[in-house]
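The values are calculated or read from the model by the stated rules, or taken from the named source; none is laboratory data. Quick caveat: nothing in here was measured; it's all calculated off a predicted structure. Quick reminder, even Gly has a Cβ in these numbers, built from the backbone with ideal geometry, and neighbours come from all protein chains shown.
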Amino acid sequence: MSTALLTDFPELADLSREDLEDLLTDPVYFQAIFHSLSRVKAMYQSQAELGMANESIANHNVALQEPLYRLRAETKEAFDDAKNLEARWKEVDREQREVYQRFSPQFLLMRLKHSRTAQDDASEAIASAFIQQSSTSGSTYGGGSGTGTPNGAPGKEIDDFVREFKDLRKTYHKRVMWEERWSSGLVNWRDD
């Protein structure tokens, strides 16, 4: 018998030559001797321990399966909500930019210029209408006591016109002043 074989498998040192030959020819005898070796027993013991550890891990994983499915569903729902909120945020952000645009300094200056022009046009329109009305009714502008007839109707018309025209022109000149101040850099806009 080889010394390397006896060194690796000292359990075989007690077997006779006939037993060793039977070991090679008889599969049942080989299996009996093979399974009685301490290395094989240790290997089977390790294998059984690993199998039990794997079974324990598998049972633990199966126990986690249902909570993980619930968590996956909750995560998907939260993700879908986040996507919907993101889409809504884009829409609200666009609406907010449109609203803020109406209050930007450039837009407000443009509105001031347009309102100044409209105010000037309105005051000129009532002045033209008053002159047109006066010339067609035959009353004289600036003549006499300003009362015209004994019941004071034309004088009241003049007083009403002057008051309205004065208010329109006052607003017009305020807008002109604000525009001039703005153009001079005297108007500061805060972003808060």
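Any residue that is in contact (Cβ under 8 Å) with a residue 12 or more places away in the chain, closer than 26 Å to Asn188 by Cα and either out of contact with any strand residue (DSSP E or B) (no Cβ under 9 Å at 6 or more places or on another chain) or not in a helix (DSSP H, G or I) (or both) - is there at least one of those in the stretch 87-105?
yes
Report the residue count in the stretch 107-162 for those that are out of contact with any helix residue (DSSP H, G or I) (no Cβ under 7 Å at 6 or more places or on another chain), farther than 30 Å from Trp189 by Cβ, modelled with pLDDT of 80 or more and of a type in the set (A, V, I, L, M).
Matching residues across the stretch 107-162 total 5.
Any residue in the stretch 178-192 that is among the charged types (D, E, K, R) sitting within a Cβ distance under 9 Å of a residue that is at pLDDT 85 or above and surrounded by 10 or more Cβ atoms within 10 Å (Cβ to Cβ)? List the pairs, counting only those 6 or more apart or interchain.
Glu179/Leu109; Glu179/Leu112; Glu179/Lys113; Glu179/Arg116
Please state which one of Ala129, Ala82 is over 30 Å from Lys174 (Cβ atoms) and small (Gly, Ala, Ser).
Ala82
Go through Glu77, Glu55, Glu49, Glu18 for me and flag whichever is assigned to a helix (DSSP H, G or I), at pLDDT 85 or above, acidic (Asp, Glu) and surrounded by fewer than 10 Cβ atoms within 10 Å (Cβ to Cβ).
Glu18
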